[in-house]
Ligand SMILES: Nc1ncnc2c1ncn2[C@@H]1O[C@H](COP(=O)(O)OP(=O)(O)OP(=O)(O)O)[C@@H](O)[C@H]1O
Ligand SMILES: [Mg+2]
C-alpha cells in the first residue's frame with residue numbers, strides 16, 4: 001500500500017506552524033473569555049463567549065485528488081474493505097468519497113459536512129488505514145482523535161472498533177469520570193489509537209502515562225465545540241506534542257471563527273471539503289416552530305413526550321432537565337435525564353437505555369447535542385429554544401441522519417418569538433410555524449402527541465447485554481465472572497483488544 005504523502009511536509013517545523021498561527025491570527029492563543037451572559041449549566045457549566053462569524057475557508061495550494069464513487073477505488077487495506085462490506089457500508093457517502101483519497105495520501109483535511117453525513121468514517125478509515133501494520137510502544141499511541149464529550153468519545157470508539165479489529169489495531173478511550181487507572185493500564189499495554197476528551201488526556205500525560213511524540217495522525221472532531229467549551233488551550237497544548245510533520249484532520253458540521261487558530265497553526269495546505277455553509281440543509285429534515293402559551297407549555301411537552309416512538313428533548317439547564325424528567329415519569333412517560341451533573345456510569349446507562357428503547361424520551365442538555373447517533377430517532381424537540389443557530393443545527397442533527405427523515409420541533413413562547421426568528425434566519429432555515437395548544441389535532445399530527453397514561457413509571461431495570469448464544473447450554477453453569485459482569489457496557493476501554 002502506498003503511504004507516500006502527496007505534499008512535502010518535511011520542511012515544516014513546529015516553529016513554522018507557530019509562526020503561521022501568529023501571523024494575522026484573529027483569535028490569538030488565549031483561552032476564550034468566559035461569557036458574561038446567563039449561566040448555562042447545559043452540561044458544560046458556563047459557556048465561554050464564542051468567537052462566531054463567518055469562517056474563512058483556507059485556500060488549498062496543492063490540488064486535491066478527485067473524489068471516488070466506490071471504496072474499492074481507494075488505497076485501503078483489504079481487511080478494511082472486507083469489514084465495510086460486513087458492516088453493510090457499501091458505497092461512500094459524499095464527504096467520504098471526497099476526502100478519503102486525500103486523507104489516505106496523508107494530506108491534511110478540513111471537512112465540513114452536514115450532521116449525520118458520515119464524518120466519523122471519513123476520518124476514521126483514513127486514520128486506521130494509514131496506521132495499519134504498525135505497533136504502538138507502551139504509552140505511545142500513533143493516532144489520536146480528540147472529541148468534546150465523553151459520550152461522543154465512546155461512540156467514535158464503538159463506530160471504529162470493528163474496523164480497528166479487522167486490521168489488528170488497538171483502540172483506547174480516554175475520558176473523564178471513569179477510572180484513570182484503567183485508562184493508564186490500557187495505554188501501558190499499548191494502544192495504537194486513542195480517542196479522547198482533552199482534559200483526561202492531559203491528566204494522563206501529566207501522570208506520565210501517555211506521550212504523544214509518536215502520534216503521526218491527529219483528528220479533531222467537533223473542533224468548534226471544543227473551542228466553545230473553553231478547551232482551546234488544552235487542545236493546542238496537545239497538538240504541540242504530536243509529531244510536527246504528522247497529518248491533521250479537522251471535521252465538524254459547523255465551523256466558525258473560533259477554529260481559525262487551529263486551522264492556521266495546525267493544518268498545512270489542507271484539502272478543504274465543505275458541503276454546505278453552516279446552514280440547515282439536511283433535506284430530509286422538517287423544521288417546525290410551535291407557538292405555545294407559557295402556561296400551556298408543560299402540558300404540550302408532556303403530550304409530545306407521550307408519543308409512540310423515541311424523542312429527544314433539549315433543555316437549557318440540568319435542573320430543568322431533572323424536573324421535566326421527574327414530571328414525565330410521574331405522568332407515565334418512560335423518560336431519563338442526561339446532563340453533565342450525572343455520574344459517567346449514569347450517563348452511559350441512560351444513553352444505552354435510550355438506544356435500546358428501554359426509555360423512549362431522552363431529556364438532555366446540550367451535552368447530547370453533538371455527534372450522538374441513535375437509530376430510528378425521528379423527532380427532536382427544543383423545549384427550551386437553543387441559544388444560537390449552531391446549537392440549533394447540532395441538536396437538530398440528532399435526527400434525519402444518514403438519509404433518514406425526521407422532524408425538529410421548537411416550542412416558542414410569545415416572548416421568545418423574535419429571538420427565534422433571528423436564530424432561524426442565521427441557521428438558513430424557513431420553519432413551518434403553527435400556533436398550538438395541548439390536545440390540538442395539529443400538535444398530534446406534527447409530533448404524534450397524545451395524552452399520557454397518568455400511571456407513574458419508575459425506570460429501574462438496567463439494560464442487560466448478554467453475549468448471544470446459538471444454543472441453550474445444558475447443565476453447564478456460566479462462569480460467575482461473566483454473570484457478574486456490569487449490566488451495561490463499560491464506558492471506557494471496552495474496545496481495547
Ligand atoms: N457510507 C455509508 N453508508 C451507509 N451508512 C453510513 C455510511 N457512512 C456512515 N454511515 C452511517 O451514518 C450515520 C451517521 O454517521 P456519523 O455519525 O459519522 O455522522 P456525522 O457526519 O459525524 O454527524 P454529526 O455531525 O452529527 O457528528 C452512522 O450511523 C453511520 O454508521
Ligand atoms: Mg460526528
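The values are calculated or read from the model by the stated rules, or taken from the named source; none is laboratory data. Note that the structure is a prediction, hence the values are computed from the model and not measured. Heads up, the Cβs are rebuilt from the backbone with ideal geometry, glycines too, and the neighbour counts pull from every protein chain shown.
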Check your understanding: Pick from 283, 302: which is closer than 16 Å to residue 378 by Cα and not assigned by TED's automatic domain parsing to the domain that holds residue 99?
Key -> 283
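For (1) over 27 Å from residue 85 (Cβ atoms); (2) modelled with pLDDT under 95; (3) more than 10 Å from ligand 2 (Cβ to nearest atom); (4) in contact with a strand residue (DSSP E or B) (Cβ under 9 Å, 6 or more places away or on another chain), each residue gets a yes or a no:
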| site | (1), (2), (3), (4) |
| --- | --- |
| 107 | no, no, yes, yes |
| 114 | no, yes, yes, no |
| 117 | no, yes, no, no |
| 131 | no, no, yes, yes |
| 136 | yes, no, yes, yes |
| 141 | yes, no, yes, yes |
| 144 | yes, no, yes, yes |
| 156 | no, no, no, yes |
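So, residue 50, is that one modelled with pLDDT of 95 or more, away from ligand 2 (no atom under 16 Å from the Cβ) and either more than 25 Å from residue 153 (Cα to Cα) or assigned to a loop (DSSP other than H, G, I, E, B) (or both) or not? If you could, list the steps in order and put the result at the bottom.
Working: modelled with pLDDT of 95 or more: no; away from ligand 2 (no atom under 16 Å from the Cβ): yes; either more than 25 Å from residue 153 (Cα to Cα) or assigned to a loop (DSSP other than H, G, I, E, B) (or both): yes.
No, not satisfied.
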Check your understanding: Among the residues of region 104-116, is there at least one that is crowded, with 20+ Cβ neighbours inside 10 Å, within 12 Å of ligand 1 (Cβ to nearest atom) and on the phi > 0 side of the Ramachandran plot?
Key -> yes
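When region 69-88 is examined, which residues are found to be within 14 Å of ligand 1 (Cβ to nearest atom), in contact with a helix residue (DSSP H, G or I) (Cβ under 7 Å, 6 or more places away or on another chain) and not in a helix (DSSP H, G or I)? Reasoning before the result, please.
Within region 69-88, the subset within 14 Å of ligand 1 (Cβ to nearest atom) is 69-74, 76, 80-81, 83-88.
Going one step further and asking which of them are in contact with a helix residue (DSSP H, G or I) (Cβ under 7 Å, 6 or more places away or on another chain), we end up with 69, 71-72, 74, 76, 80-81, 83-84, 87.
Across region 69-88, the qualifying residues are 69, 74, 76, 87.
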Check your understanding: Can you tell me which residues in region 248-264 are modelled with pLDDT of 95 or more and more than 16 Å from ligand 1 (Cβ to nearest atom)?
Key -> 248
Review point. If you scan region 81-100, which residues turn out to be farther than 27 Å from residue 284 by Cβ and without any contact (Cβ under 8 Å) to a residue 60 or more places away in the chain?
Key: 81
Exercise for review: Take residue 157 and decide whether it is near ligand 1 (Cβ under 10 Å from one of its atoms), within 21 Å of residue 394 (Cα to Cα) and within 16 Å of the chain's Cα centre (by Cα).
Suggested key: no
